[in-house]
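Read through the structure below, which is laid out as structure tokens, and then see the notes.
The values are calculated or read from the model by the stated rules, or taken from the named source; none is laboratory data. Predicted model, so just to flag it, every value in this text is computed and none were measured. Here Cβ is always computed from backbone atoms with ideal geometry, including for glycine, and neighbour counts include all displayed protein chains. Only protein heavy atoms, including side chains, enter the accessible area calculation; ligands, DNA and RNA are left aside. Shrake-Rupley method; radii C 1.70, N 1.55, O 1.52, S 1.80 Å.
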Amino acid sequence: MANPVLSRRTLLQAGLLATSGLAIAAACSKIGGESGYQQLTLERVTVRIPKLPRAFEGYRIGFLTDMHLGIWMPQERILSALDQLASEQLDLLVLGGDYILTNENPLWPLLGYVRNQRYAKLSARASIPLLFNDAAQLLSHFSPPDGIIGVLGNHERWNSVQLCFDAFRPFPQIRLLVNEEFNVVRGEQSLSFFGVDDYLTGLPTLPPARPLQNGVSSRILISHNPDYLTALFEREESSFSLALCGHTHGGQICLPGLGPFAVPVTDKRFVAGLVEVNDVQVYTSRGLGMVGLPFRLNCPPEVTVFQIVAA
């Protein structure tokens, strides 16, 4: 599958643009950016899945994506999000990728946009192993009964997939999937999750469509970038009932009356929330963290709880 490959400079142009437009950024933060940063929304979503195995009626899945641990994201913020999820009696936690954010712009600390001093004096390169190790440590505090599974995002591939896997390896309850399947078993029945590589920077694949066996009658896809879904639908490959995505941040900056200022996806159906395409339900989370600019506007961060029931 052809995959657009863009430079880090191009993909982070919003951050560079912000440097030359700090007056606008400051104004936006005053009219709601900081409140958008502080307000974490817990979204509860019920999803109806055809042919759901009876053993999984009411199964509860937590979804946390784009946490972007770094100078703009304190550890306490992530622990608070995990505490909210822990109170929801989840069966499984799904991670949507982009666990860290390195600081590529030395002006942000000088301008006071630092919420986590732990990384403020480190170069981008020097901070990478520490960020990945801290992210894995934070996520290991939560242990739902069926564990934690996750996928890679573009920031993992930009920085170091090897360091990412090295950081998560000491925590066997967390499994990162790269074009791999993970089955949750209940007696003779099971529910399948398939985590694909990042669409923008990796090589995502799906197993060939086939009759699902061993009691598996539903597959849930995890894709960091929802544009991968567009490519699948164009090829009529939809051997799954639900897809969980991140990457967009919901736009992060949403202007009153105009909507998102910039969205890093081609298919605007998948900016945020739940949509149905070709009998497949696709959910795109607004995520937890920020990139480009150190605030949100009219686009609160979220963690999500799905309860799946038979259609």
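For every residue, the table says whether it meets (1) more than 13 Å from the chain's Cα centre (by Cα); (2) polar (S, T, N, Q); (3) modelled with pLDDT of 95 or more.
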position: Pro260; (1), (2), (3): yes, no, no
position: Val271; (1), (2), (3): no, no, yes
position: Glu302; (1), (2), (3): no, no, yes
position: Phe306; (1), (2), (3): yes, no, yes
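One residue stands out among those in segment 203-217 that are over 17 Å from Leu95 (Cα atoms) and surrounded by 14 or more Cβ atoms within 10 Å (Cβ to Cβ): the one that is modelled with the highest pLDDT, which is Leu206. Does Asp166 qualify as being part of a loop (DSSP other than H, G, I, E, B) and charged (D, E, K, R)? Criteria not met by Asp166.
When segment 29-49 is limited to residues that are part of a helix (DSSP H, G or I) and open to solvent by 100 Å² or more (accessible area, probe 1.4 Å), the one that is modelled with the lowest pLDDT turns out to be Ile31. Somewhere in segment 273-280, is a residue open to solvent by less than 10 Å² (accessible area, probe 1.4 Å), more than 20 Å from Leu42 (Cβ to Cβ) and among the aliphatic types (A, V, I, L, M)? Yes, segment 273-280 contains a residue that is open to solvent by less than 10 Å² (accessible area, probe 1.4 Å), more than 20 Å from Leu42 (Cβ to Cβ) and among the aliphatic types (A, V, I, L, M). In this structure, is Arg118 over 20 Å from the mean Cα position of the chain (by Cα), at pLDDT below 95 and among the basic types (Lys, Arg)? For Arg118, the condition - over 20 Å from the mean Cα position of the chain (by Cα), at pLDDT below 95 and among the basic types (Lys, Arg) - is not met. For Asn133, the criteria (1) of a type in the set (S, T, N, Q); (2) at pLDDT 95 or above; (3) in contact with a strand residue (DSSP E or B) (Cβ under 9 Å, 6 or more places away or on another chain) hold in every case but one, which is (3). Out of curiosity, is Asn159 open to solvent by less than 10 Å² (accessible area, probe 1.4 Å) and under 18 Å from the mean Cα position of the chain (by Cα)? The answer is no for Asn159. Can you pull out every residue in segment 111-153 that is within 24 Å of Asn225 (Cα to Cα) and β-branched (Val, Ile, Thr)? Answer for segment 111-153, where residues must be within 24 Å of Asn225 (Cα to Cα) and β-branched (Val, Ile, Thr): Ile128, Ile148, Ile149, Val151. Scanning segment 282-299 for residues that are open to solvent by less than 30 Å² (accessible area, probe 1.4 Å) and out of contact with any Phe, Trp or Tyr (no Cβ under 9 Å at 6 or more places or on another chain) gives Gly287, Leu288, Gly292, Cys299. Of all residue pairs spaced 6 or more apart or on separate chains, those with beta-carbon atoms under 8 Å, a first member in segment 114-141 that is without any contact (Cβ under 8 Å) to a residue 60 or more places away in the chain and a second member that is assigned to a helix (DSSP H, G or I) and among the small types (Gly, Ala, Ser) are Tyr119/Ser127; Pro129/Ala167; Phe132/Ala167; Asn133/Ala167; Ala136/Ala167.
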